[in-house]
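Note sheet for the following structure.
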């Protein structure tokens, strides 16, 4: 006999894949990622995974991780912000993966590839140098800055949007002209 939760095997596997790749995400991220599924179902799946030791839910901080240690030690603000930016494209998303420095996340929407970069204040020159060596015309960059004043210090080609990500996950996106004003 199939357990009722096993009807959602695809979603269970997808959440496990997300957690193995990103280690920690907010509950908000998980719900938005599964925008086309009932939130109560996703909540039940998360509880099921936690009950079976396949995930850990930090209720106080609204986080879901691989385990308690991940929620305590592996929370990466850059990755969480990049995930928020990627979620702006969720309805067109065909593939996504976590990347290493200087990129946080790479994703596809149909034929278009995007890479999300998080630039901390003071890292602008370093990011400029790294990206100059890896210039790729086929990729559109989504560049997260903490302050729009950073944009004037960046010389990155193929920027689709500069983004400021707020703590609540709201993303303000600016084209180059808007960001420089």
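The values are calculated or read from the model by the stated rules, or taken from the named source; none is laboratory data. Predicted, not measured: the structure shown is a model, and the values here were computed from it. FYI the Cβ positions are ideal-geometry reconstructions off the backbone, even for glycines, and counts take in every protein chain you see.
Looking only at residues in region 4-29 that are under 14 Å from the mean Cα position of the chain (by Cα) and free of Cβ contacts under 8 Å to residues at least 24 places away in the same chain, the one that is nearest to residue 86 (Cα to Cα) is 18. Of all the criteria given as (1) surrounded by fewer than 16 Cβ atoms within 10 Å (Cβ to Cβ); (2) in contact (Cβ under 8 Å) with a residue 12 or more places away in the chain; (3) not in a helix (DSSP H, G or I), the one not satisfied by residue 107 is (1).
Inspect all residues belonging to region 79-90 and state whether any of them is assigned to a loop (DSSP other than H, G, I, E, B), out of contact with any helix residue (DSSP H, G or I) (no Cβ under 6 Å at 6 or more places or on another chain) and not assigned by TED's automatic domain parsing to the domain that holds residue 142. No; the residues of region 79-90 include none that is assigned to a loop (DSSP other than H, G, I, E, B), out of contact with any helix residue (DSSP H, G or I) (no Cβ under 6 Å at 6 or more places or on another chain) and not assigned by TED's automatic domain parsing to the domain that holds residue 142. Here residue 114 passes the criteria (1) without any contact (Cβ under 8 Å) to a residue 40 or more places away in the chain; (2) surrounded by 14 or more Cβ atoms within 10 Å (Cβ to Cβ); (3) in a strand (DSSP E or B) except the one numbered (1).
Give 52, 73 a once-over and let me know the one that is closer than 22 Å to residue 165 by Cα, loosely packed, with under 14 Cβ neighbours inside 10 Å and free of Cβ contacts under 8 Å to residues at least 24 places away in the same chain. Answer to the selection: 73.
Across region 15-31, which residue is surrounded by the fewest Cβ atoms within 10 Å (Cβ to Cβ) among those that are part of a helix (DSSP H, G or I) and in contact with a strand residue (DSSP E or B) (Cβ under 7 Å, 6 or more places away or on another chain)? Ranking the qualifying residues of region 15-31, first place goes to 21.
Of all residues in region 145-169, those satisfying the criterion of being free of Cβ contacts under 8 Å to residues at least 24 places away in the same chain and either in a loop (DSSP other than H, G, I, E, B) or surrounded by fewer than 15 Cβ atoms within 10 Å (Cβ to Cβ) (or both) are 149, 158, 166, 167, 168.
Checking each residue of region 123-144 against the condition of being in contact with a strand residue (DSSP E or B) (Cβ under 6 Å, 6 or more places away or on another chain), surrounded by 14 or more Cβ atoms within 10 Å (Cβ to Cβ) and part of a helix (DSSP H, G or I) gives at least one match. Of everything in region 32-42 that is part of a helix (DSSP H, G or I) and more than 13 Å from the chain's Cα centre (by Cα), the residue that is surrounded by the fewest Cβ atoms within 10 Å (Cβ to Cβ) is 40.
Every listed requirement among (1) free of Cβ contacts under 8 Å to residues at least 60 places away in the same chain; (2) part of a strand (DSSP E or B) is met by residue 97 save one, (1).
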